[in-house]
Every structure is written in C-alpha cells, then in structure tokens.
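All remarks here apply to the structure that follows.
The values are calculated or read from the model by the stated rules, or taken from the named source; none is laboratory data. Just so we're clear, the structure is a prediction, and the values are computed from it rather than from any experiment. Don't worry about glycine lacking a Cβ; one is built from the backbone with ideal geometry, like all the others, and counts go over all protein chains shown.
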Amino acid sequence: MSILKEMADNDFRYDNTEVCALITDGEESGLRGATAFAKENISMLMNANTVVIALDTIHETEQLQIYSRGINFTEQNADEVCDLLTFAGLKNGIDMPYAEFYPGAIDSEAFSRLGVKAAGLCAVRHEPVPYYHTVHDSYDNLNPECIELTRKIIKTAADMFDGAGHIF
C-alpha cells in the first residue's frame, strides 16, 4: 500500500509536513520531467523546507542503497537527506550503504542542482541484469518485499522529519 493511500484511508495528516508524490516517467525522460518540475516550482520548494527523496528501480532488497551522488558521480545530493534515510533504514532493520560510482543518474539531482535538499534510494545492481531495460522489465517481476521495505523506510523518514520539523 502506498504511503499516500494509507494516509488517505486513515484520514491521516502530519502536523508539520506535506507528503506528495511526483511521477516523472522513466530514465532520461523522468530526469527531464523532474528537472522541469523543479525549475517551475523552485520558489515554492525553497520556501517550504522541502525534502525530496527520489525512488528508482526498487527491485532487490540486498541492493537497497542511498544515492548521495549522481550524474556519473558528479552531482552532490544533500548529506542531511542521506542521514535521514540512513536512520530511517536502521529503524527498519536495514543498514543501507551509500551507492558507489554508477553510470547514470537518479531524479534527486534535478532538485539538488537547484539547491533543494534531496537524495535517492534505489535497489538495483550496477551491472546488467535481466529485469533492467530489457523486454523482461515488466510489472510481473516486481519484488513486493523490497517495495514494502522501501515504503516502510520512506514512511519512517517522513515521521522523523515531521517530528523534528526540519532535517537534523
């Protein structure tokens, strides 16, 4: 169950935090969509104590990693958001490493580039795998356990952020 659906079903609202979902499509077109959204809404994002957590390819639990850098490791994401994800992971029983160099990007960089605090979370191997960008990349190979763990981590991060009223 998505965090937004869970909140709606229970008529739940945070005291200090608004949770939103932005779906920007996939890969390069997704990064372009995230960039366009960030540019069009930069004033609102900067004035609202915004934190962006970009999710990408949530497939292998053992590969769940925090993306502190992107665009072939040239773009820096926010240390504070990475720390938030680290603590949220630990509260859910997983010590997530930071991703090492990988050839690609994650949508958080669209926001980081403009000064919005952002980081990424991804669960994919950095080597060719049959389910990634092939004819086998379809809904029927989704990993419900990895998706559920990621949902719990994101929910915990939102709870922690709302409770603190700011990033640590």
Go through (1) closer than 27 Å to M96 by Cβ; (2) surrounded by fewer than 13 Cβ atoms within 10 Å (Cβ to Cβ) for S43 and report which single condition fails.
(1)
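Checking the conditions here, which among A164, A123, A118 is farther than 15 Å from E75 by Cβ, touching a residue at least 60 places away in the same chain (Cβ under 8 Å) and of a type in the set (G, A, S)?
Sole residue among the options that is farther than 15 Å from E75 by Cβ, touching a residue at least 60 places away in the same chain (Cβ under 8 Å) and of a type in the set (G, A, S): A123.
Within segment 108-124, how many residues are surrounded by fewer than 15 Cβ atoms within 10 Å (Cβ to Cβ) and touching a Leu at 6+ places or on another chain (Cβ under 8 Å)? Talk me through it step by step, then tell me what you get.
Within segment 108-124, the first condition is being surrounded by fewer than 15 Cβ atoms within 10 Å (Cβ to Cβ), and the residues that meet it are 115.
From what is left, the residues that are touching a Leu at 6+ places or on another chain (Cβ under 8 Å) are none.
So the count comes out to 0.
Would you point out which residue out of E100, E62 is exposed (fewer than 15 other Cβ atoms within 10 Å of the Cβ) and not in a loop (DSSP other than H, G, I, E, B)?
Values: E100 fails: not in a loop (DSSP other than H, G, I, E, B).
After ruling out the rest, the residue left standing is E62.
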Which number in (1) more than 13 Å from the chain's Cα centre (by Cα); (2) closer than 21 Å to T86 by Cα; (3) at pLDDT below 80; (4) not β-branched (V, I, T) marks the one condition that G70 misses?
(1)
Hey, among E75, E40, E60, E28, which residue is modelled with pLDDT under 80 and over 14 Å from the mean Cα position of the chain (by Cα)?
E28
Inspect segment 10-29 for any residue being in a helix (DSSP H, G or I) and surrounded by 15 or more Cβ atoms within 10 Å (Cβ to Cβ) and give the result as yes or no.
no
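From A105, A88, grab the single residue that is part of a loop (DSSP other than H, G, I, E, B), touching a helix residue (DSSP H, G or I) at 6+ places or on another chain (Cβ under 6 Å) and crowded, with 20+ Cβ neighbours inside 10 Å. Give the steps one after another, and end with the answer.
Working: A88 fails: part of a loop (DSSP other than H, G, I, E, B).
Exactly one of A105, A88 is part of a loop (DSSP other than H, G, I, E, B), touching a helix residue (DSSP H, G or I) at 6+ places or on another chain (Cβ under 6 Å) and crowded, with 20+ Cβ neighbours inside 10 Å, namely A105.
Would you point out which residue out of E60, E40 is in contact (Cβ under 8 Å) with a residue 40 or more places away in the chain and among the acidic types (D, E)?
On the way: E40 fails: in contact (Cβ under 8 Å) with a residue 40 or more places away in the chain.
Criteria check complete, one pass: E60.
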Residues (under 12 Å from the mean Cα position of the chain (by Cα) and basic (K, R)) located in segment 118-168:
R151, K155
Within segment 125-167, of all residues that are in a loop (DSSP other than H, G, I, E, B) and touching a helix residue (DSSP H, G or I) at 6+ places or on another chain (Cβ under 6 Å), the one surrounded by the most Cβ atoms within 10 Å (Cβ to Cβ) is Y131
